[in-house]
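Colleague: I'd like to ask you about the structure that follows.
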Amino acid sequence: MTAETGAAWRAGIYARLSVANDERKNESIDTQIEIAKEYIKQSGNIELVDCYVDLGKTGTNFEREGFERMMQDVRCKRINCVIVKDFSRFGRNYIETGNYIEKIFPFMKVRFIAVTDDFDSESVTDENARLSMNLKNIVNELYAKDIGERIRTAKKMKQRMGSYTGGAPPYGYYSKAVGDKIVLFPQTETKDIVAKIFEMFEQGSTYKAIIEYLYKNRIQRPTVYNATKQVYCAEGEPLLQWTDETIKDMLKNPCYVGTLFQATTDGRYAGQNKQSELHEDNISIVTHTHEPIISENLFFKVAERFERQSRYSNNRGFSKKVPQSEDVFAGVIYCGECGKQMKRTSNTKTLLKGNIVRNYYYSCQNRYRVDGYACQSERIPQKTLMTIIKSILEKEFAFSKMRPKYYCRQNEKEAEKRKANIKSLKAQTVKRQEELILKGSKLYLQYKENELSREAFLEEKGKVDKEKETLSKRSAELEKEEYRIVKEAEKRNHFIRGLMKYKKEAELDRTLVESLIDRIYVYNGSRVEIVFNYRKNDLLSWEGSGCKKDIG
């Protein structure tokens, strides 16, 4: 109901507190809500329905939980009035804020009130009031940009001074304020461990050998140390091993020779969620900022070993010469011995004729652990696994002649359903393209009749052209998707019919595996169990040269 009928406006109070350090105390969440409530009391024709709060959220975008909940209530007609303390609490993005106040809210018949800015959309009748609102929104946006720029500039200045601006200090160091800087100092209890890791790697030790050394000496990994400050694990307590990634990151960190390599963002607003790309201008490298743990000579020897490994890999053809094929069983294959998901690895082999082939294997991710999670499972070649899976599927279809035919029909029905959805999306795209053509014509007429300035016309036309280009690409993608759906359905049915006729050349693909299989368990001795999507309580397993059915 609206105010014209005599009924009260159903209001939602929106309050937001930013992440900026200099946020004024009188703009606390409670204060904002109280100001809005007082306004409601004095109005006489507004009733409060709910309060929507975003704490620690930037005003430069509208991706906020409280705001989205409020807009959902607006769409559901639960509220038809939005009250904020001032424009800046609603948002600091001039274009988006103006779009809501001047277009979206009027279209949805929603009243908007900014109390301390003395703005009420129901009483705005002249251009001066709207101009005042727009100017305030521009000021708010400039304020947000200024805050972001000041934070970025201050951070860069600290980095250039050699101040550490990161979070937890690198393993082997602790941080301490020295004047205006945060300086790193070697940690007595852990610096020798860092030096030992560098020395072992430079002398040829593998990651596994280093991990075994750390585990044997019961050295806690960095994450545990940061949380507990315990360098060594006490006897009887569980100990987790270090990871390859942790050691690699440590060996490549120039911090250990006294150099700070730090990054800032390139001008994004304070508090925004999306990280900007890392450009050279946003990288700060300052040498001799703190006491090194290892010598530069040792650090560069370690770097040389990484370089040699890279050259060796490229010369042997591990990367570009032999591209990897699709991982058909990714995400569905698990170790039957410990339950951990299995991972595919590969190696290359040069044949007598000089051709390089890539061989694939699946192994448990716990297979190479040295701690209490170590698994004694065997790895299985992909070719062997593929043969076993196809044999199990043949036996599965042999249990019931109707099941393959039924699955083919279901497969076709699913394809038709997906095609119908694609057609619906294509129709929506065509409709929007037609709307944009009409909108472009109207903009041109407004420009010719001097209702729009040249700058405004070109700006709006640019937006229309950009959306038209996006929709054109979307249409092409939908056409490809529709074609792909048809081909996938044909391919899956071809595979199933091939199995029905016991054709060994029938090939599995990832889409078919995901549609048929929920999980695959691999045990030692090449025993494999399959849990099917359509019959998850039953298991089919393969042992040696036969297949047996296990009813769960």
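The values are calculated or read from the model by the stated rules, or taken from the named source; none is laboratory data. Keep in mind that this is a model prediction, so the values were computed, not measured. We place every Cβ from the backbone using ideal geometry, glycine too, and count neighbours over all the protein chains shown.
Colleague: Mind telling me which of the residues LYS158, LYS196 ends up being under 24 Å from PRO238 (Cβ atoms) and surrounded by fewer than 19 Cβ atoms within 10 Å (Cβ to Cβ)?
Modeller: Answer to the selection: LYS196.
Colleague: For GLU23, work out the one condition from (1) part of a loop (DSSP other than H, G, I, E, B); (2) acidic (Asp, Glu); (3) at pLDDT 85 or above it doesn't fulfil.
Modeller: (3)
Colleague: Mind checking whether some residue in the stretch 313-326 is modelled with pLDDT of 85 or more, surrounded by 14 or more Cβ atoms within 10 Å (Cβ to Cβ) and among the basic types (Lys, Arg)?
Modeller: No, the stretch 313-326 contains no residue that is modelled with pLDDT of 85 or more, surrounded by 14 or more Cβ atoms within 10 Å (Cβ to Cβ) and among the basic types (Lys, Arg).
Colleague: Follow-up question, since we're still on this one. Only residues in the stretch 229-244 that are under 14 Å from THR190 (Cα atoms) count as the first member; pair them with residues that are modelled with pLDDT of 90 or more and not in a loop (DSSP other than H, G, I, E, B), Cβ under 9 angstrom, at least 6 apart or cross-chain, and list the lot.
Modeller: That search, which allows pairs on different chains as well, returns GLN230/VAL224; VAL231/ILE193; VAL231/ILE219; VAL231/TYR225; TYR232/ILE219; CYS233/ILE219; CYS233/VAL224.
Colleague: In contact with a strand residue (DSSP E or B) (Cβ under 8 Å, 6 or more places away or on another chain), at pLDDT below 90, of a type outside the set (Gly, Ala, Ser) and closer than 14 Å to PHE112 by Cβ: which single residue out of ASP86, ASP54 fits that description?
Modeller: On inspection, the qualifying residue turns out to be ASP86.
Colleague: Which residues, taken from the stretch 321-348, are among the acidic types (Asp, Glu) and in contact with a helix residue (DSSP H, G or I) (Cβ under 9 Å, 6 or more places away or on another chain)?
Modeller: The answer is GLU326, ASP327.
Colleague: So which of LYS431, LYS401 is modelled with pLDDT of 80 or more and exposed (fewer than 14 other Cβ atoms within 10 Å of the Cβ)?
Modeller: LYS431
Colleague: Separate question: For the stretch 430-450, which residues satisfy the criterion of being part of a helix (DSSP H, G or I) and among the polar types (S, T, N, Q)?
Modeller: Those that are part of a helix (DSSP H, G or I) and among the polar types (S, T, N, Q): GLN433, SER441, GLN446.
Colleague: With modelled with pLDDT of 80 or more, assigned by TED's automatic domain parsing to the domain that holds THR228 and touching a helix residue (DSSP H, G or I) at 6+ places or on another chain (Cβ under 9 Å) as the only criterion, which of ILE113, ILE193 stands out?
Modeller: Within the list ILE113, ILE193, the selection yields ILE193.
Colleague: Right, another one. Scan the stretch 223-234 for residues that are part of a loop (DSSP other than H, G, I, E, B) and crowded, with 18+ Cβ neighbours inside 10 Å and jot them down.
Modeller: Residue satisfying the conditions is CYS233 alone.
Colleague: Which of the residues belonging to the stretch 346-396 are touching a Leu at 6+ places or on another chain (Cβ under 8 Å), under 21 Å from ASP327 (Cβ atoms) and surrounded by 14 or more Cβ atoms within 10 Å (Cβ to Cβ)?
Modeller: Of everything in the stretch 346-396, those that are touching a Leu at 6+ places or on another chain (Cβ under 8 Å), under 21 Å from ASP327 (Cβ atoms) and surrounded by 14 or more Cβ atoms within 10 Å (Cβ to Cβ) turn out to be TYR362, MET386, ILE389, LYS390, ILE392, LEU393.
Colleague: Quick one: count up the residues across the stretch 98-116 that are more than 18 Å from LYS77 (Cβ to Cβ) and of a type in the set (Phe, Trp, Tyr).
Modeller: 0
Colleague: While we're looking at this one, here's another question. Could you look through the stretch 206-222, keep only residues that are free of Cβ contacts under 8 Å to residues at least 40 places away in the same chain and in contact with a helix residue (DSSP H, G or I) (Cβ under 8 Å, 6 or more places away or on another chain), and pick out the one that is surrounded by the fewest Cβ atoms within 10 Å (Cβ to Cβ)?
Modeller: ALA209
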